[in-house]
1. Return Phe22, Phe8 ranked ascending by Cβ neighbour count within 10 Å, so the fewest neighbours appear first.
2. Using +1 at the Cβ of each Lys and Arg and -1 at the Cβ of each Asp and Glu in the chain, identify which of Asn43, Tyr15, Ser32 lies farthest towards the dipole's positive end.
3. Please state the relative contact order of the chain as a whole percent: Cα pairs under 8 Å, 6+ residues apart?
4. How large is the Kirkwood hydrodynamic radius of the chain, in angstrom, based on all distinct alpha carbon pairs?
5. Can you list the residues of the range 11-39 with backbone N under 17 Å from a point 7 Å past the Cα of Thr54, pointing along Cα to Cβ?
6. Between Trp63 and Val30, what FRET efficiency follows from the Cβ-Cβ distance if R0 is 25 Å, with the result rounded to 0.05?
Amino acid sequence: MKIFNYIFIVLIKIYKFTLSPFFYNSCKFVPSCSTYCLECFQNYNFFKAFYKSTLRIIRCNPWFGYGGHDPVEKLNKESHGS
């Protein structure tokens with residue numbers, strides 16, 4: 001399943017370096033939506049990363065909310081043990 005994460009990581013990085021500069025300051029969240037999605041795919045399994053990324057992109061529009069600081073929650077490796 002990690003292969004899907006890597007595919008999305010590559011696609012997001014391509015977007016960040018090719019298309020994202022044309023939409024400067026268009027995201028109302030910190031970190032930007034592309035950075036948030038990248039961190040999700042680096043930290044979570046595919047399904048959770050896709051879910052969280054989709055919700056974030058839906059919220060990043062003129063009709064839902066005001067934006068602000070919305071970091072990716074880091075996995076606590078100690079709580080997953082034993």
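Just so it is clear, none of the values below were taken in a lab; they were calculated from the coordinates. If you're wondering where the values come from, they're calculated on a predicted model, not measured in any experiment. No Cβ is skipped: glycine too gets one built from the backbone with ideal geometry, and neighbour counts run over all protein chains shown.
1. Exposure proxy ranking, most exposed first: Phe22, Phe8.
2. Tyr15
3. Contact order relative to length: 35 percent.
4. 13.6 Å
5. Residues 37-38 qualify, since their backbone N sits under 17 Å from the label point.
6. With a Förster radius of 25 Å, E is 0.80.
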